[in-house]
């Protein structure tokens, strides 16, 4: 196999909590706590989990929009975490992000042409005004908009149209990797489907690689090649979308999938008997549980789970790439 496009090794991000008159660090939020995975070129990795599990922080640490506390991110063989600012800016051409909120991610004082064209100017990707305009129009058309929208402002568009502008902005520098940070969660369901289809079409056309962060399991199943499930800053299971949804191994994954709505009433009645209700609330990331972070809510937890943190281990054949972090599964 060729080398992976992206490799994340033991990524950690702790946010300090300041307190007292001198503003000293009194505690830390363990947002990301040892995340590791690899991503091949042209692949889509879905990242799912409850709010606050560290999905978005992981995505932003990969791009160094947030500086990781420790760990290593390698992109095309280069250590992103060790790059100087100038080298990081050059690499930004290959690594882009689509933000969650289409209303907050676009500057309301800039026209669509200026928003999309800003990256073209920064990276000096066009030589003439005509080339600059033609490139922006081409990007708009690729995302389903037109030249008529060039001089309009963000407030003149719907949420779905704004997200398309955000996608066009990400595409402007011809990236290889795009982090989609809850890119459809703020949109209506019908618009979500349109944007997901657009992302898939663009991936096929430009051979893009996606890290697709979401909390909607049905959306992730549709677009992802592989899926990583996160809980309290750690990946508890990672597998192909088909394997994860048909034979989940981790108790937390099983609980998440049992809560996914099913449109077929007969199938719904059958699965209601298997609905898994987790006890208690998600622990605070300031003081996560010892050992396996999930042991306080796990229906199969034993004393070992409290004392020892499980590592991701391969389930079944090595070629399956199905891994689970559980002492008693796999």
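The values are calculated or read from the model by the stated rules, or taken from the named source; none is laboratory data. Small disclaimer: the values here were computed from a predicted structure and weren't measured. Heads up, the Cβs are rebuilt from the backbone with ideal geometry, glycines too, and the neighbour counts pull from every protein chain shown.
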Which of the following residues is at pLDDT below 95 and either surrounded by 15 or more Cβ atoms within 10 Å (Cβ to Cβ) or under 29 Å from residue 219 (Cα atoms) (or both): 52, 19, 46?
52
So residue 25 passes all but one of these: (1) touching a residue at least 12 places away in the same chain (Cβ under 8 Å); (2) loosely packed, with under 15 Cβ neighbours inside 10 Å. Which condition number does it fail?
(1)
Could you look through the range 294-314, keep only residues that are closer than 21 Å to residue 9 by Cβ and in contact with a strand residue (DSSP E or B) (Cβ under 6 Å, 6 or more places away or on another chain), and pick out the one that is modelled with the lowest pLDDT?
314
Taking residue 104 as meeting all but one of (1) over 16 Å from residue 178 (Cβ atoms); (2) crowded, with 19+ Cβ neighbours inside 10 Å, write down the number of the exception.
(2)
Hits in the range 218-244 (condition: out of contact with any helix residue (DSSP H, G or I) (no Cβ under 7 Å at 6 or more places or on another chain), crowded, with 22+ Cβ neighbours inside 10 Å and not in a helix (DSSP H, G or I)):
228, 232, 233, 234, 235, 238, 239
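Scan the range 135-158 for residues that are outside any helix (DSSP H, G or I) and either buried (at least 18 other Cβ atoms within 10 Å of the Cβ) or assigned by TED's automatic domain parsing to the domain that holds residue 200 (or both) and report the count. Talk me through it step by step, then tell me what you get.
In the first step, residues of the range 135-158 are kept if they are outside any helix (DSSP H, G or I); the result is 143-146, 150-153, 157-158.
Next, only the ones that are either buried (at least 18 other Cβ atoms within 10 Å of the Cβ) or assigned by TED's automatic domain parsing to the domain that holds residue 200 (or both) stay: 143, 145, 157.
Within the range 135-158, residues that are outside any helix (DSSP H, G or I) and either buried (at least 18 other Cβ atoms within 10 Å of the Cβ) or assigned by TED's automatic domain parsing to the domain that holds residue 200 (or both) number 3.
Residues checked against (1) assigned to a loop (DSSP other than H, G, I, E, B); (2) within 30 Å of residue 282 (Cα to Cα); (3) at pLDDT 95 or above:
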{"position": "168", "(1), (2), (3)": "no, no, yes"}
{"position": "184", "(1), (2), (3)": "yes, yes, no"}
{"position": "194", "(1), (2), (3)": "no, no, no"}
{"position": "202", "(1), (2), (3)": "no, no, yes"}
{"position": "212", "(1), (2), (3)": "no, yes, yes"}
